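Engineer: Could you have a look at this structure, given as C-alpha cells, before my questions?
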Amino acid sequence: MFPTPTITTPQHRNPSTMPKRPRLPSTSPSRKSSCLQSSSKANSWSREPIMLLPDAQKRSPRLRRLRNLRCQFLSILSIGQLCTVLLVSHRGEKRVLKIYIPPPTHQHRDAFKHEYYAYATLMSAVVKHASPHCYFALTLSVSELAHALTLSVIPHELSHLQQHHTSLQALLIEYIPCSVTLETYFKQPRCDPAVVGLAADALDKVHAAGVLHLDVEPRNALLMDSGKVCWIDFDVAKTTDQWCIPEEYWIEEKARVRWRLEEIGSERVGLSEQETDIQTRQDVVANVDVGVEVAGKAIC
C-alpha cells in the first residue's frame, strides 16, 4: 500500500503572528462604485475577497522583523496625525524610519496595518522602481526610544511619541535622495509632460502586484534623479492575497493620476500666461514713461 500523504501548513501563513489582512470589496455593482472613494470611507469597505479565477495562486507575504533597532537620528522629515517620519542612519546608510501612532479605537483606520501589507505585497512581488524598498518592520519600546535613536534626550518635537503609548510599530524604508514630488515638479516652469506616463507606468506595476494605492495624489509620487517615478505613502492602500486585481478596480485610479497631473500642469501654464501678461503690461508702461521723459527733455 502507498503511504498516506501528509499536508503541512507553511509557517508564513500562520495568522496568529500578524494583524488581520484588509481585503478588497466584492465586485458587486453596489460596492464597486465605492471602491475608489476618498480615504475617509476606508473603514466602510467590505472585507469580502475580490472575485478572481478559482485557480488563482494565493499568498500571504510578510516583512522581515528587526528585533533591536540601533540607528543614528539625523532629522525629522514630517510629523502627522498618523505617523512621524524620521531620517536615520542605519548600518552606515540613510534610511527612512516611519513610526506609526496607534489608532485610538478599533473603529479607526490602522495606518501601519495598511502600509505593512502593501509593502509586504510589493516586496514579495519584487516590484522595482515603483516604490521604495522596505527593509524591516519593527516594534519600538517607548521607554527605549532614545536608546534606539542614539539620543541622550528625546527632542521636544518627538515628545508626542511617548504620550499614552507603551510600544510603537514602525517601518524602515529606503531613503531616496535628490527626489522631488510630482506636485512640486509640475509647478515648475519647465517640466516634461512625459513624466505623466512614467507615473502611470509605475502605478501599473503596483496594481500588478496586487495593491491599490487609493491616494494617488501628486504629493505621493516621487521623481527620482534617475528619471523614474515611484509611489510612496501606502497608509490607506488595499491589498489582496492573490497575484492580480481586476481592471474595474484600478482603471479609475489610473485615470485619476493622469487627470491630476494634467490639472496641475494646466494650472501652471495658466499662471505662466498671467505672469507673462503682467510683465508685458509693465514693460509697456515703462516704455511709455521713458518716452514721456525723453520727450520732456527734448522740449526743454
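Engineer: Under 9 Å between Cβ atoms, which residue pairs at least 6 apart in sequence (or on different chains) link something in segment 210-224 that is more than 16 Å from Y117 (Cα to Cα) with a partner that is at pLDDT below 90 and in a loop (DSSP other than H, G, I, E, B)?
Structural biologist: Here the result reads P218/F186; M224/H129, each pair linking segment 210-224 to a residue that is at pLDDT below 90 and in a loop (DSSP other than H, G, I, E, B).
Engineer: Tell me which residues, restricted to segment 96-142, are open to solvent by less than 30 Å² (accessible area, probe 1.4 Å) and β-branched (V, I, T).
Structural biologist: Hits for segment 96-142 are V96, I99, T121, V127, V142.
Engineer: Applying the selection to segment 172-184, what residues are of a type outside the set (V, I, T) and either open to solvent by 30 Å² or more (accessible area, probe 1.4 Å) or touching a Phe, Trp or Tyr at 6+ places or on another chain (Cβ under 7 Å) (or both)?
Structural biologist: Scanning segment 172-184 gives L172, E174, Y175, P177, C178, S179, E183.
Engineer: Moving on to the next point. From the set of residues in segment 208-248 that are crowded, with 24+ Cβ neighbours inside 10 Å and of a type in the set (S, T, N, Q), which is modelled with the lowest pLDDT?
Structural biologist: Looking at the filtered set, the residue picked out is T240.
Engineer: Looking only at strands (runs of 3 or more DSSP E) that fall completely inside segment 47-135, which ones have 3 or more residues that are at pLDDT 95 or above, touching an Asp or Glu at 6+ places or on another chain (Cβ under 6 Å) and of a type in the set (A, V, I, L, M)?
Structural biologist: Where strands (runs of 3 or more DSSP E) fall fully within segment 47-135, none carries at least 3 residues being at pLDDT 95 or above, touching an Asp or Glu at 6+ places or on another chain (Cβ under 6 Å) and of a type in the set (A, V, I, L, M).
Engineer: Here's a follow-up. Which of the residues spanning segment 76-95 are open to solvent by 40 Å² or more (accessible area, probe 1.4 Å) and farther than 18 Å from E115 by Cβ?
Structural biologist: Once the filter is applied, which keeps residues that are open to solvent by 40 Å² or more (accessible area, probe 1.4 Å) and farther than 18 Å from E115 by Cβ, segment 76-95 yields I76, R91, G92, E93, K94.
Engineer: Here is a further query. So if I check each of L198, L203, which one is over 18 Å from T84 (Cα atoms), open to solvent by 40 Å² or more (accessible area, probe 1.4 Å), of a type in the set (A, V, I, L, M) and in contact with a strand residue (DSSP E or B) (Cβ under 7 Å, 6 or more places away or on another chain)?
Structural biologist: One residue alone meets the criteria, L198.
The values are calculated or read from the model by the stated rules, or taken from the named source; none is laboratory data. As the structure is a prediction and not an experimental result, all values here were calculated from the model. So basically every Cβ, Gly included, is an ideal-geometry build from the backbone, and we count neighbours across all protein chains shown. Surface accessibility is based on the protein's heavy atoms, side chains included, excluding ligands, DNA and RNA. Shrake-Rupley method; radii C 1.70, N 1.55, O 1.52, S 1.80 Å.
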